[in-house]
Structures are given as C-alpha cells and as structure tokens.
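Asks: Pasting in a structure now, in structure tokens, and then I'll have a few things to ask.
The values are calculated or read from the model by the stated rules, or taken from the named source; none is laboratory data. Everything numeric here is computed off the predicted structure, so don't read it as measured data. Using ideal geometry, Cβ is built from the backbone for each residue, glycine included, and neighbour counts are taken over all protein chains shown.
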Amino acid sequence: MAETGPRKYGVAFDVKPHAYDPAANPELFDGVLARRMIAFLIDVVIIAAPMVFIALFIFVFGLVTFGLGWALYFLFYPAGILWALIYYGITLGGPNSATVGMRVMDIEMRTWYGAPAYFVLGAVHAVIYWITVSVLTPLVLLVGLFNDRRRLLHDILLGTVIINNPYRAEAMRRGWSRSEAPPL
C-alpha cells in the first residue's frame, strides 16, 4: 500500500515566539543592566570566598607537611572551575532561576520563550559568559545597550533573557516603593 500524503524527513522543529516584549512590558527590563552588574559582583564574592579559605588551608597544610601539602595547589584551579559551574548550574537551574546575587537584586533568568532555566543551561551560561568576556571584553557588555531586551552577547547566543522578577515587575507596574510592596 503506497503512501499518498506528503513525506516528512528530519526532526520536527517548533518555533516559539518571544515571551517578553519590552514594548508591552517595559517594567520587566527597567534597570536590569545596572542591577545585573551588582549581582555579578555579589556572585563573584560568593564564589571566591570558599576558594580563598581553601587556598589558605592548603598553604597552612603545606607548612605543616614541610611543603608536601602545597602539591594540592595543582587541584585548586580545576576545583575553582568546578565550584563555579556547580554554583551557576544549581542556582540558575533552581526554582528561582537566579543566582544569589540575582535574587538580592530582584532579577531572574528565563529562556527567550519564557521557560525557567535549568542546570545545564545555567552551567553553559557561565561557560559562554567567561569565554565571551575573555575574547571580547568591552563588546560583550556594550551589546546590552543596543537592544530593547537588554540582553548581553552570551544571552543572545544561548537564547536567554534576564528580567525583573514578578514581584519587582508588579511593584514597578503599580508604582510601589520597596517598603510599600506587599510581603512576599
């Protein structure tokens, strides 16, 4: 029996529209870039603090073992990378879709079609960020000034968007200050 309908080859691909329109919902993007930079600094401190303690521990352990313990510095760099990837993966892939710094600054990461972030996306987001910053230092930040969604280069590459969280967006919609907003 021969098929009479059209044949389909390959993989089905569902194109989803952008979930966040800056013209319809400007409160989602208002002030995101400045607060994103502060959130990044908070996250750097959170990532660096345990690494400083580990480095001090290795140093003291090296003194106690007459220099043998300093061989652990060989593992310090890979441990730092692993710690950063786990931090970004767990926090961005968590229920808030935001790192600790992003939560402090009331912003969160979403995919361009509105879904929350997940572990692999969070870890890859960190890797692509560090690669783009290493190669194109000033340009990666300038990209955010020239698009309506305030997306940086690595956001565009990964299909993510950083927005104000729903509580902050609602407060901005209603014109509330932080002290006037209802409790979370």
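Asks: Tell me the residue from A169, A84 that is among the aliphatic types (A, V, I, L, M), free of Cβ contacts under 8 Å to residues at least 60 places away in the same chain and assigned to a helix (DSSP H, G or I), please.
Replies: The unique qualifying residue is A84.
Asks: Of the numbered conditions (1) hydrophobic (A, V, I, L, M, F, W, C); (2) surrounded by 16 or more Cβ atoms within 10 Å (Cβ to Cβ); (3) closer than 22 Å to D30 by Cα, A115 satisfies every one except a single condition; which is it?
Replies: Unmet condition: (2).
Asks: Could you identify the single residue in I86, I38, I90 that is under 30 Å from R174 (Cβ atoms) and either of a type in the set (D, E) or at pLDDT 95 or above (or both)?
Replies: Residue meeting the stated conditions: I38.
Asks: If you go through the range 133-154 one residue at a time, do you hit one that is in a helix (DSSP H, G or I) and either among the charged types (D, E, K, R) or within 11 Å of the chain's Cα centre (by Cα) (or both)?
Replies: Step one: filter the range 133-154 for residues in a helix (DSSP H, G or I), giving 133-135, 137-146, 153-154.
Right, trim to either among the charged types (D, E, K, R) or within 11 Å of the chain's Cα centre (by Cα) (or both) and you get 154.
Yes - at least one qualifying residue is present in the range 133-154.
Asks: Let me ask something else about it. Would you check which residues across the range 87-105 are buried (at least 20 other Cβ atoms within 10 Å of the Cβ) and either touching a Ser or Thr at 6+ places or on another chain (Cβ under 8 Å) or farther than 12 Å from L121 by Cα (or both) and list them? Can you show your working first?
Replies: In the first step, residues of the range 87-105 are kept if they are buried (at least 20 other Cβ atoms within 10 Å of the Cβ); the result is 88-89, 91-92, 97-99, 101-102, 105.
Result: Y88, T91, L92, A98, T99, G101, M102, M105.
Asks: So which residues in the range 144-157 are surrounded by 19 or more Cβ atoms within 10 Å (Cβ to Cβ) and hydrophobic (A, V, I, L, M, F, W, C)?
Replies: L152, L153
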